[in-house]
Amino acid sequence: MKSKTTIYLILLLAMVSCDSKKEKFVADNFEFAAKQTNLMLDTTKGSVKIPRTIVGGKLYSSGIYDWTSGFFPGTLWYLYEQGLDKELLADAEEFTMRLEPIKKFTGNHDLGFMLYCSFGNGYRLTGNEEYKDILIEGAKSLSTRYIPDAGIIRSWNYRKNWNGKTEWWCPVIIDNMMNLELLFFASKHTGDSSFYDIAVTHARNTMKNHIREDYSSYHVVDYDTKTGAVLDRATCQGFSDNSTWARGQAWGIYGFTMTYRETKCEEFLKVAQGMADFYINNQSLPEDKIPYWDFNVNQEGYVPFWKYDKSRFTEIPRDASAAAVTASALFELATYVNEEDAKRYLEFAESTLLSLGSDSYRAKLGANSCFILEHSVGSIPHGVEIDVPLCYADYYFVEALHRYSQSKK
Ligand code: GLY
């Protein structure tokens, strides 16, 4: 029989080796991400655009008003924060400042994504007052899209449902939960509670109207701007109006977790956990935890209005971006819940990261147009960005690595 001391020693060794396994994984992935991103920087020298994805086998970069423009600067900030490459600071600052004109943009709701991932991380790490002012002005621009009578921030301007008939005058998408972080920031830094009130009212209405009883989510909800009545519940990037688009569910888990952090209202924690549990326990989730692009593809009772050609896909595409967003969110959610739930969320987030960091999803050095991850989906109904890298998959992957390194797992 082993003595008590021997058992303690074995346990201690197991804990140390677990920890060093985690540290090695994090260090290896950050090192790879820094190298890959430096190669990306070399290839983008001289361009004023911002890396987004691959189109036609080549790197595709966007202008600053694209909803994805904040992610590459944000990735640079996270890599700089690791201290592996101090020179990345200059690049992070330069790419971030490119986005300065966006602070006045009012054309859609994406300001939170664009400004908070770039200037928000920049402010967190440098305390640069200019960044703070830009974030506050951006929050004012975002607030112009708030419709008080309906209690929501309008995501998009007028467009139609895929059915070609139903008109959307005031469409709100689940993604919009992510933009609220910018408003919470502005409220804290100005003392103006109207930013906070807008964010909380929007979150409550999203909770009421976007989330189903089983905590799955609609992608789009269209509102009557005078009464706040719901006019349509539908999808734009998911499989069908009644399905659950994987990235939409991920935005919800992340958005409600963040809203709980900022408000400490239990209702938001409950919905964040419900949405997380729906995702984690979903029967259609593959073993490696990287979801199909929608939880209901090809299932009975789910009929798309867009032109779906099943024969085009030998396998249902996965969405690594949804996995990365969810992993990052779960590392935070785990810090707000009881021990048992925290353990479940941390284990799930860790498994997801292990998959993303494996050869199945992580690119080879210098390949994949120098994006970090492969196998994401932008929008299958639109026929764009199918099984490609996406700058936001990379951003949430490095954020998740950072959160993992700080987690109790
Ligand atoms: N917010 C757009 C998307 O998730 O594709």
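Points worth noting:
- Failed criterion for E181 (all others in (1) open to solvent by 10 Å² or more (accessible area, probe 1.4 Å); (2) within 27 Å of Q299 (Cβ to Cβ); (3) within 16 Å of the ligand (Cβ to nearest atom) hold): (2)
- Taken together, the residues in the stretch 78-108 that are open to solvent by 30 Å² or more (accessible area, probe 1.4 Å), under 20 Å from V48 (Cα atoms) and either touching a strand residue (DSSP E or B) at 6+ places or on another chain (Cβ under 6 Å) or not hydrophobic (A, V, I, L, M, F, W, C) (or both) amount to 9.
Matching residues to (1) crowded, with 20+ Cβ neighbours inside 10 Å; (2) modelled with pLDDT of 95 or more; (3) within 16 Å of the ligand (Cβ to nearest atom):
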{"residue": "D222", "(1), (2), (3)": "yes, yes, no"}
{"residue": "D241", "(1), (2), (3)": "yes, yes, no"}
{"residue": "W245", "(1), (2), (3)": "yes, yes, yes"}
{"residue": "R261", "(1), (2), (3)": "no, yes, no"}
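- Among the numbered conditions (1) in a loop (DSSP other than H, G, I, E, B); (2) within 15 Å of F348 (Cβ to Cβ); (3) touching a residue at least 40 places away in the same chain (Cβ under 8 Å); (4) open to solvent by 20 Å² or more (accessible area, probe 1.4 Å), the only one that I290 does not meet is (4).
- Verdict on K208 being in a helix (DSSP H, G or I), without any contact (Cβ under 8 Å) to a residue 12 or more places away in the chain and either in contact with a helix residue (DSSP H, G or I) (Cβ under 9 Å, 6 or more places away or on another chain) or within 24 Å of Y116 (Cα to Cα) (or both): no
- In the stretch 71-79 there is no residue that is assigned to a loop (DSSP other than H, G, I, E, B), in contact with a helix residue (DSSP H, G or I) (Cβ under 8 Å, 6 or more places away or on another chain), of a type outside the set (D, E, K, R) and within 16 Å of the ligand (Cβ to nearest atom).
- The stretch 211-264: number of residues that are assigned to a loop (DSSP other than H, G, I, E, B) and closer than 18 Å to Y345 by Cα: 2
- Verdict on V398 being modelled with pLDDT of 95 or more, within 17 Å of V325 (Cβ to Cβ) and away from the ligand (no atom under 14 Å from the Cβ): yes
- Going through (1) open to solvent by less than 30 Å² (accessible area, probe 1.4 Å); (2) in contact with a strand residue (DSSP E or B) (Cβ under 6 Å, 6 or more places away or on another chain) one by one, L330 falls short only on (2).
- Scanning the stretch 242-275 for residues being charged (D, E, K, R) and in contact (Cβ under 8 Å) with a residue 12 or more places away in the chain gives a total of 4.
- So V377, is it within 16 Å of the ligand (Cβ to nearest atom), open to solvent by less than 10 Å² (accessible area, probe 1.4 Å) and at negative phi: yes
- Cβ pairs under 9 Å, 6+ apart, first in the stretch 135-155 and on the phi > 0 side of the Ramachandran plot, second part of a loop (DSSP other than H, G, I, E, B) and open to solvent by 10 Å² or more (accessible area, probe 1.4 Å): G151/G228
- The stretch 99-128 residues that are within 17 Å of Y80 (Cβ to Cβ), paired with ones that are part of a loop (DSSP other than H, G, I, E, B) and within 14 Å of the ligand (Cβ to nearest atom) (beta carbon under 6 Å, 6 or more apart): L99/S69; C117/G70; S118/G70
- Against the list (1) open to solvent by less than 40 Å² (accessible area, probe 1.4 Å); (2) hydrophobic (A, V, I, L, M, F, W, C); (3) within 18 Å of D394 (Cβ to Cβ), the condition L111 fails is (3).
- Residue in the stretch 356-369 that is surrounded by 22 or more Cβ atoms within 10 Å (Cβ to Cβ) and within 24 Å of T263 (Cβ to Cβ) present: no
The values are calculated or read from the model by the stated rules, or taken from the named source; none is laboratory data. Nothing here was measured: the structure is a model prediction, and the numbers come from that model. Cβ sites come from the backbone with ideal geometry, for glycine too, and all protein chains shown count toward neighbours. Each accessible area value is taken on the protein alone, full model and side chains, heavy atoms only, with ligands, DNA and RNA left out. Shrake-Rupley method; radii C 1.70, N 1.55, O 1.52, S 1.80 Å.
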